[in-house]
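Let me begin by presenting the structure, written as structure tokens, before commenting on it.
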Amino acid sequence: MTFYTGVVVLAGSTIRVALIFNTFMGWQFETTSPDAIIKIVEGIYMKRHECDLAGEEECYRMLQEIMRSLELLKLLSGSTLRGSIDPIYDKMTDMDKKKYGALDDLERRGFDISKMRDALNLKYDIADDKSVKKNLANTLANRT
């Protein structure tokens, strides 16, 4: 009985370490743009280093709220959908979606189409994905 208990405990602890070793980092690898969340974690670390316990707890509660709310996490990290199925292009007309697809094709071939893409983005008030994420990260960093 002792032998089997020892084997189960030893095998169980080995399997547990193998299965959960880096799973805590899964959200970071699977998230499209985790920059805003990483900034909050850095804010927690800085507040702890400065011995600002109230600020540390506030940042921790923000991180906790983000991790509990998938909608907020998706808002901060962005959609994983790209190309014509990206949700930011839902309000475009079919003709402009075709234009956008043609521009994507030209861009893949090496042409500089940034001005034409910016004109379409401006027409439908679509913010560039990078600028949206940068603004969210700055807003969260200013709150900490």
*Say we look at segment 120-137 and pick out the residues that are among the small types (Gly, Ala, Ser) and surrounded by 11 or more Cβ atoms within 10 Å (Cβ to Cβ); which of these is modelled with the lowest pLDDT?*
137
_Looking at residue 53 and the list (1) more than 30 Å from residue 126 (Cβ to Cβ); (2) of a type outside the set (D, E, K, R); (3) at pLDDT below 80, which single condition is not satisfied?_
(3)
_Single residue of segment 26-50 satisfying the filter (among the hydrophobic types (A, V, I, L, M, F, W, C) and farther than 13 Å from residue 67 by Cα) that is modelled with the lowest pLDDT_ = 29
*When residues of segment 31-65 are limited to those that are in a loop (DSSP other than H, G, I, E, B) and β-branched (Val, Ile, Thr), the one surrounded by the fewest Cβ atoms within 10 Å (Cβ to Cβ)*: 32
*Starting from residues that are surrounded by fewer than 11 Cβ atoms within 10 Å (Cβ to Cβ) and not in a loop (DSSP other than H, G, I, E, B), keep the ones in segment 93-104 and report whichever is modelled with the lowest pLDDT.*
94
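The values are calculated or read from the model by the stated rules, or taken from the named source; none is laboratory data. None of the values given here were measured: they were computed from a predicted structure. No Cβ is skipped: glycine too gets one built from the backbone with ideal geometry, and neighbour counts run over all protein chains shown.
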